[in-house]
1. Taking θ = phi - 60°, what integer Hz values does the Karplus form 6.51 cos²θ - 1.76 cosθ + 1.60 yield along segment 48-53, in sequence order, with x for Gly and Pro?
2. Mind checking the full-extension length gain between Arg37 and Asp224? Use 0.36 nm per residue of separation minus the Cα-Cα distance, one decimal, nm.
3. Excluding Glu168 itself, calculate the net charge of residues whose Cβ lies under 13 Å from the Cβ of Glu168, where each Lys or Arg counts +1 and each Asp or Glu counts -1.
4. Between Glu490 and Lys452, take the C-beta separation as r, use R0 = 22 Å, and let me know the FRET efficiency to the nearest 0.05.
5. Note the full-extension length gain between Asn119 and Leu132 as 0.36 nm times their separation in residues minus their Cα-Cα distance, in nm to one decimal.
6. If eta is 0.890 mPa s and T is 25 °C, what Stokes-Einstein diffusion coefficient results for segment 453-526, Kirkwood Rh from Cα pairs, in µm²/s?
7. What residues qualify as long-range amide H neighbours of Val531, i.e. H under 5 Å apart, gap of 5 or more or another chain, H built at 1.01 Å from N?
8. Using modelled amide H (1.01 Å from N, peptide plane; none on Pro or chain starts), what sits under 5 Å from the amide H of Leu585, excluding residues fewer than 5 places away?
Amino acid sequence: MPRPQPKSITDKEKKTSVKDSFKALKTIPRFFREIYRSSPKLFLLNAFSRLINAFTPVVILWVGKMIIDEIILQVSLPNKDFTTLWNYVIIEFSVAVLSDLLGRLINLTDGLLGDLYSNMSSEKIIRKTAELTIAQLEDPEFYDKLERARTQTNSRVDLMSNALGQAESLISMISLIAGLVYFEPILILILIVSIIPSFINEAKFSSTRYSLARSWTAERRELDYLRFIGANNQTAKEIKLFGLTDFIAERFKNLSTDYYLINKKLSLKQSFYGSLFNILGVLSYYGAYVYIILRVLTGFITIGELTFLSGSFNRLRANLQGFFSRFTRISESALYLKDYFDFIDLTVEQTSEAKTPMPKTITQGFQVNDLHFAYAGSETEVLKGVTFKLDAGEKMAFVGQNGAGKTTLIKLFLRFYEPTQGEILLDGINIDKFDVDAYRKRFGVIFQDFFKYEFTLRENIAVGNIDEVQNDEVISYAASKSLAEQVVNEMAYGLEQRLGRRFYKGTELSGGQWQKVALARAYMKDADIMVLDEPTSALDAQAEFDVFERFIALTKGKTSIIISHRFSTVRMADRILVLQNGQVLELGTHEQLMKNPKLYADLFKLQAAGYQ
């Protein structure tokens with residue numbers, strides 16, 4: 001099977017122009033406000049140090065001119081006095097030491113500010129992600145935007161140093177230009193001729209590099225994913241067992257090679273044009289140098305002025321090259337910065353109307369009316385007109401074959417998604433009228449695909465109500481309810497045992513142990529509504545029966561939703577809702593459903609036969 005051709009960066013939808021790079025610079029003032037907020041004292045110290053250090057180059061050159069002129073003067077005099085000369089030397093030495101100290105202080109504060117800002121921006125991304133809907137987080141296009149915001153932290157830190165350095169360089173260049181204008185203004189024109197073409201070239205290629213990085217966001221995510229699954233203890237067993245090494249390595253090689261070839265083409269082109277423009281710059285520089293020498297030979301300027309002008313021109317040319325080079329890096333980084341701010345500024349659509357307070361006690365329960373739902377980008381409805389009543393204090397089991405819509409229904413209950421049609425009422429009030437955070441706090445939930453946090457055992461349990469992470473009594477009580485106390489007792493460090501193999505002294509749990517720990521999360525708060533979405537699939541039949549029997553007893557009077565494929569567990573529920581193809585097929589007690597020769601009875605008998 002032939003490999004697909006690598007993507008080009010010339011796609012009109014992906015192409016980023018030089019104009020876009022300049023537009024992105026509008027984010028710089030906001031960027032500096034964020035840096036300032038990360039540490040006002042460090043920021044002001046850095047800015048003041050740069051301001052003073054910006055004048056040291058021209059001062060050193062000027063004092064150097066005075067030293068040479070003084071030497072030539074003293075050589076020509078019969079009675080020599082070197083007092084002024086040594087004073088100039090001391091001044092130059094002092095300025096040089098000051099410049100070095102200021103440079104070190106600038107580097108120190110750059111590093112500290114960079115760390116603080118990196119930490120602050122990463123925290124903002126974490127908090128912003130929590131504000132967004134599950135639908136947004138599951139959208140691949142949106143996830144690419146999240147990835148660009150998340151992975152460009154170093155770019156933002158470099159942008160900070162470059163932008164601050166740019167301000168310092170600008171002040172330094174103004175002082176050097178003033179010296180050149182005073183003696184030989186024509187040198188400024190020569191300087192512009194030597195620098196501008198190179199700047200235009202850099203600006204063009206910086207936007208092209210960004211276009212490449214942006215258009216390959218999804219592919220670079222895949223490369224990271226292939227690195228992860230190809231060299232990870234969680235996937236090692238299956239990779240060895242199924243012989244997937246060659247498949248994964250080859251897939252990585254093909255994708256990374258495509259990216260390398262496009263990047264190589266861009267780099268060669270940039271290097272070629274950069275070399276041509278650099279030759280022009282070198283010719284301009286030596287043209288200026290010859291001009292200065294001729295002015296000395298004709299007696300228009302002194303030897304000291306020669307050293308000042310040649311030194312100023314050389315330093316100014318280097319500063320300008322650095323200035324324009326940083327400018328292109330800044331404009332390129334500003335494009336990534338715009339991605340970051342675009343992500344931070346994402347809004348979740350919310351109504352401005354006042355939210356209805358949650359009822360202190362649930363008295364009626366839930367009423368689901370004509371509920372329809374389809375995932376974004378799909379025309380197929382997962383739920384098609386679901387209607388039923390879940391009474392307060394009732395324990396209802398959701399049953400159905402895979403894809404029937406059970407977990408999707410729970411996600412709608414938890415307001416991870418909004419229905420495309422229909423409504424869910426709690427005590428007669430549409431659940432979208434409640435504040436979403438206050439609403440979710442009333443739930444104790446554990447999913448089948450619960451996350452295994454490689455934190456301590458204490459923290460893994462406390463995830464269910466993290467405010468009580470130091471409350472041993474609450475954690476121990478939740479562990480006893482879920483039978484996770486057995487896991488705690490087996491650990492060398494008890495609740496302080498680090499779980500997983502990623503960190504030092506970490507211990508991996510079995511599937512059943514992990515599920516007991518996860519179940520404890522649901523018991524961490526005294527929730528009104530309990531939701532168990534196949535949380536015991538890793539337990540054997542007897543262990544699952546014990547867990548649910550305990551659950552039924554411990555949640556007496558609480559409204560509960562249970563999903564399980566084991567009918568010995570399901571039959572404990574007060575009523576059973578049977579879903580098929582996104583619709584309610586049956587609803588009733590175990591005894592009522594067994595009397596009807598429909599899906600539930602067929603599945604129950606089929607499973608029961610497997611145990612005979």
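1. Those phi angles translate into 5, 4, 5, 4, 5, 5 Hz.
2. 64.0 nm
3. Taking every other residue near Glu168 into account, the sum is +1.
4. Efficiency, rounded to the nearest 0.05: 0.85.
5. Result: 2.6 nm gained on full extension.
6. Result for D is 210 µm²/s.
7. Excluding prolines and chain starts, which carry no amide H, the hits are Gly444, Val445, Ile446, Ile561.
8. Hits under the 5 Å cutoff: Val578, Leu579, Gln580.
Only the coordinates and a few stated rules stand behind these numbers; no lab work does. Every value quoted in this text rests on a predicted model; they were computed, and no experiment measured them. Glycine also receives a Cβ, built like all others from the backbone with ideal geometry; neighbour counts cover every protein chain displayed.
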